[in-house]
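Written below as structure tokens is the structure these notes are about.
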Amino acid sequence: MHFYRELVLVLCWVFLTGEWLNQLKPLAIKNHGHRAKSIFRYGLDHLRNIVLNFEQKMEEFWITLQFLSCT
């Protein structure tokens, strides 16, 4: 049962990160009116990049970790 709580926490973290990134640098809007990628995907790609390059992006990790204190 604890797995679901952790999963929800990660999903919120990814989405909040995507929203924050979209405020800093909005996603492109395609001709059909939809974003080039979803807010969730934007956050997921960013967090994945941080985790895969953790030693170089430790400061970015701490910045994105602050979103968890808001949930």
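If I model a spin label as a point 7 Å beyond the Cα along the Cα-Cβ vector, how far apart are those points for residue 19 and residue 59 in nm?
According to this spin-label approximation, the distance is 2.7 nm.
Which order do the peptides 13-21, 29-37 come out in when sorted by mean C-beta neighbours inside 10 angstrom, highest first?
In decreasing order of mean packing, 13-21, 29-37 become 13-21, 29-37.
Take the alpha carbon gyration tensor of the chain, find the square roots of its eigenvalues, order them as a ≥ b ≥ c, and report rounded if a/c is under 1.5; if not, report prolate when a/b exceeds b/c, else oblate.
It comes out oblate by the Cα gyration axes.
Along Cα→Cβ, 7 Å out, is where each label goes; now give me the distance between the ones at residue 34 and residue 8 in nm to one decimal.
Calculated label separation equals 2.8 nm.
Could you pull out every residue, at least 5 positions away or on a different chain, whose amide H is within less than 5 Å of the one on residue 35? Hs are placed 1.01 Å off N in the peptide plane, and Pro or chain starts have none.
Those lying under 5 Å, H to H, from residue 35 are 30.
Straight-line reach only, C-alpha to C-alpha below 14 angstrom: list the aspartates and glutamates that residue 37 could link to, leaving out same-chain residues fewer than 8 apart.
19, 45
Calculated from DSSP H runs of 4 or more alone, at -39500 (n - 2.57) each and per residue, what is the 222 nm mean residue ellipticity of the chain, nearest 500?
-20500 deg cm²/dmol
Enumerate the calculated ³J(HN,Hα) couplings along the stretch 39-49 in order (Karplus 6.51 cos²θ - 1.76 cosθ + 1.60, θ = phi - 60°), each rounded to whole Hz, writing x wherever the residue is Gly or Pro.
4, 4, 5, 4, x, 4, 4, 5, 5, 5, 4
Each reported figure results from applying straightforward, stated rules to the coordinates on display, with no laboratory input. These numbers were taken from a predicted model, which means no experiment stands behind them. Cβ coordinates were reconstructed from backbone atoms using ideal geometry, including for glycine residues, and neighbour counts include every protein chain displayed.
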